[in-house]
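Novice: Quick one: this structure, given as structure tokens, is what I'll be asking you about.
The values are calculated or read from the model by the stated rules, or taken from the named source; none is laboratory data. Note that the coordinates shown come from a computational prediction; the quantities given were computed from them, not determined experimentally. FYI the Cβ positions are ideal-geometry reconstructions off the backbone, even for glycines, and counts take in every protein chain you see. Ligands, DNA and RNA are stripped out before the accessible areas are found, and what is left, the full protein with its side chains, is counted by its heavy atoms. Shrake-Rupley method; radii C 1.70, N 1.55, O 1.52, S 1.80 Å.
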Amino acid sequence: MTPARTSTAGPAAVPSPAAGEGGARPLLVLLDSHGIIFRSYFALRDVLTVRHTGEPIAAVFGYANTLLSVLTELKPAYVIAAWDASEQTFRKEKDERYKAHRAAVPDDLIPQFGRVRSMLDAFRIPVVEKIGYEADDVLGTLAGQAHERGLDVVIVTLDTDIVQLVQPGVR
């Protein structure tokens, strides 16, 4: 893994490939962090809390489970977590109706974002975000840069909009 850091989605964000085993291209896994967090929260929110404190941990547990599965099954050379940097994006500036139908983030989910960030730090997985952009934009930028630099890429997401990034070497 690469050292934990937060950066923008600039050219230096994607590692240059090292020789893989048997000449195989190194694998970069990109995590759609907010997508994984929200999916985990809504799937498990009523069943997972810390017994002694009552603190909800569904999103943290689900993210950890996803991360461990990815590391075990895919054995990537690199992992990067894409993150939504802010509420205000260039899309909202162009059209106030963009995602206006979305409900506010549930109060008990908000502290879990920090717990997931701490977990990523513990795993030494860099978090990449850019003010004014969504994680989808970061994923697209990083996938393109990695593909150009000769890495295979797997994007871990349930967001169907990301399908447009799929091409040979990016799945």
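Novice: Residue by residue through the stretch 12-47, note down the ones that are modelled with pLDDT under 90 and either touching a Ser or Thr at 6+ places or on another chain (Cβ under 9 Å) or open to solvent by less than 30 Å² (accessible area, probe 1.4 Å) (or both).
Specialist: Answer for the stretch 12-47, where residues must be modelled with pLDDT under 90 and either touching a Ser or Thr at 6+ places or on another chain (Cβ under 9 Å) or open to solvent by less than 30 Å² (accessible area, probe 1.4 Å) (or both): ALA13, VAL14, PRO15, GLY20.
Novice: State whether one or more residues within the stretch 154-166 are at pLDDT 85 or above, touching a Gly at 6+ places or on another chain (Cβ under 7 Å) and open to solvent by less than 30 Å² (accessible area, probe 1.4 Å).
Specialist: The answer is no, given that none of the residues of the stretch 154-166 is at pLDDT 85 or above, touching a Gly at 6+ places or on another chain (Cβ under 7 Å) and open to solvent by less than 30 Å² (accessible area, probe 1.4 Å).
Novice: Looking for whichever is at pLDDT below 95, surrounded by 12 or more Cβ atoms within 10 Å (Cβ to Cβ), of a type in the set (A, V, I, L, M, F, W, C) and within 20 Å of the chain's Cα centre (by Cα) here; the options are VAL105, VAL70. Which one fits?
Specialist: Being at pLDDT below 95, surrounded by 12 or more Cβ atoms within 10 Å (Cβ to Cβ), of a type in the set (A, V, I, L, M, F, W, C) and within 20 Å of the chain's Cα centre (by Cα) holds for just one of VAL105, VAL70, which is VAL105.
Novice: Can LYS75 be described as at pLDDT below 95 and either closer than 24 Å to LEU142 by Cα or over 20 Å from the mean Cα position of the chain (by Cα) (or both)?
Specialist: no
Novice: Moving on. Between a first residue in the stretch 38-55 that is of a type outside the set (Ser, Thr, Tyr) and a second residue that is surrounded by 10 or more Cβ atoms within 10 Å (Cβ to Cβ) and outside any loop (DSSP other than H, G, I, E, B), which pairs have beta carbons less than 6 Å apart while being 6 or more apart in sequence or on different chains?
Specialist: Partner pairs satisfying both residue conditions: LEU44/ALA58; LEU44/GLY62; ARG45/ALA58; LEU48/ALA58; LEU48/PHE61.
Novice: Give the residues of the stretch 113-136 that are within 12 Å of the chain's Cα centre (by Cα), over 20 Å from LEU71 (Cβ atoms) and open to solvent by less than 30 Å² (accessible area, probe 1.4 Å), sorted by residue number.
Specialist: Result: GLU134, single match.
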